[in-house]
Amino acid sequence: MQQQIDQYTAEINTFSPANADELETFRIKFLGTKGIIKDLFDQFKTVGPEEKRTFGKVLNQFKQLAETKYNDLKEGLTSDVESSKSENDLTLPGDGFNTGTRHPLSLVRNEIIDIYKRLGFVVAEGPEIEDDWHNFSALNFPEEHPARDMQDTFFIKKNSGTDDIALRTHTSSVQVRMMENGKPPFRAIMPGRVYRNEAISARAHCFFHQVEGLYVDENVSFADLKQTLYHFVQELYGEGTKVRFRPSYFPFTEPSAEMDVSCTICKGDGCNMCKYSGWVEILGCGMVDPNVLENCGIDSKKYTGFAFGMGIERIANLKYVIRDLRLFSENDVRFLDQFKTEII
Ligand code: DAH
């Protein structure tokens, strides 16, 4: 009897059913009403009183082994069945997967484009590698102007000044290309990347993004410029945002101005974003200098125009309260994921 039990124990220990049917056969064989355990207990009745003591214990342990094995296997099989069931259940919610996000600079650029499109502006683009004429000379930069200095500009080919090739330092170069290649009226915005030879820090970068605006027609006045920009700010930052214009200087506009908006963060009360002044500068603008119109073959007696240029990073900083420019180009998903809900 002991030998038989040892043999069955080995069989039970190595038993591994492929399916529920095999497990049921196992149950019937060992635990069924006509099974091996029942049979062993019947045999047990016939053994002598001396042996009863030792065999009683062995038999009970064996029975327990068979029962535990059966219960464990049954549990394993049902959870397998359940998981395969859930794989086939098409009514269960699907597994989520990670979607990408629009970059905050793209979100802001698209918003700016949308606002100006509603005012009848078209979108124009130009090359990032520019010649001296389009980036500087046609825009009325005097030869000795400090913006042409090696400090600011990444030159690709440095010759005598007027033959230079460089990475564009602003999107104003696209104005020139547009006016040279067409006839007024012009009403366009020109988004794009620009480059400057600056040390990278929280407040400056060697590349950033701008949107340029140009409107040239007969009788375009400074009042048109102010109203267009005022409307833009109301759309972008909400009704009631105040604007102010400060006189400024750009070689390509006369008169020139810089436009401030009431700080969108503290609403003008003063905070460290606006350096406690209540105002933040967002763009440069002015009436297109007659020299620029003439350089591009446009009759400055007949036509006038306004232009403006803004940095997309600056607009995004104010909108999302981002204080470090480097975040825009590091591609850290922990930063980018925060713009998930804003996909347009
Ligand atoms: N190009 C200027 C810059 O990069 C921005 C600018 C100022 C553009 C005034 C304009 C303008 O069209 O009228 O700083």
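General observations
- Remark: pairs (first residue in the stretch 48-72, free of Cβ contacts under 8 Å to residues at least 24 places away in the same chain; second residue in a helix (DSSP H, G or I) and of a type outside the set (A, V, I, L, M); Cβ separation under 8 Å; 6+ apart in sequence or on different chains) = LYS52/PHE44; GLY56/PHE44.
- Residues in the stretch 12-27 that are in a helix (DSSP H, G or I) and either surrounded by 13 or more Cβ atoms within 10 Å (Cβ to Cβ) or not assigned by TED's automatic domain parsing to the domain that holds ASP72 (or both): ILE12, ALA20, GLU22, LEU23, GLU24, PHE26, ARG27.
- Being β-branched (Val, Ile, Thr), within 12 Å of the ligand (Cβ to nearest atom) and assigned to a strand (DSSP E or B) holds for only one residue in VAL176, VAL211, and it is VAL211.
- The condition of being in the same structural domain as HIS231 (by TED's automatic domain parsing), away from the ligand (no atom under 16 Å from the Cβ), at pLDDT below 95 and surrounded by 14 or more Cβ atoms within 10 Å (Cβ to Cβ) holds for only one of LYS319, LYS275, that being LYS319.
- Only one of the numbered conditions (1) at pLDDT 85 or above; (2) open to solvent by 90 Å² or more (accessible area, probe 1.4 Å); (3) not aromatic (Phe, Trp, Tyr) is violated by LYS63, and that is (2).
- The residues of the stretch 179-190 that are within 11 Å of the ligand (Cβ to nearest atom) and under 14 Å from PHE252 (Cβ atoms) amount to a single one, MET190.
- Whichever residue in the stretch 156-173 is outside any loop (DSSP other than H, G, I, E, B) and within 16 Å of the ligand (Cβ to nearest atom) and, among such residues, is nearest to MET287 (Cα to Cα): SER172
- Within the stretch 278-298, residues that are at negative phi and open to solvent by less than 70 Å² (accessible area, probe 1.4 Å) sit with their Cβ atoms under 9 Å from residues that are basic (Lys, Arg) and more than 14 Å from the ligand (Cβ to nearest atom), at 6+ positions apart or across chains, in these pairs: TRP279/LYS242; TRP279/ARG244; PRO290/LYS301; ILE298/LYS183.
- Annotation for the stretch 109-127: no member residue is open to solvent by 60 Å² or more (accessible area, probe 1.4 Å) and over 30 Å from LEU229 (Cβ atoms).
The values are calculated or read from the model by the stated rules, or taken from the named source; none is laboratory data. This one's a predicted model, so the numbers in the text were calculated from it and none came from an experiment. Every residue, glycine among them, receives a Cβ derived from its backbone with ideal geometry; neighbour counts consider all protein chains shown. The accessibility values were calculated without ligands, DNA or RNA, using every heavy atom of the protein model including side chains. Shrake-Rupley method; radii C 1.70, N 1.55, O 1.52, S 1.80 Å.
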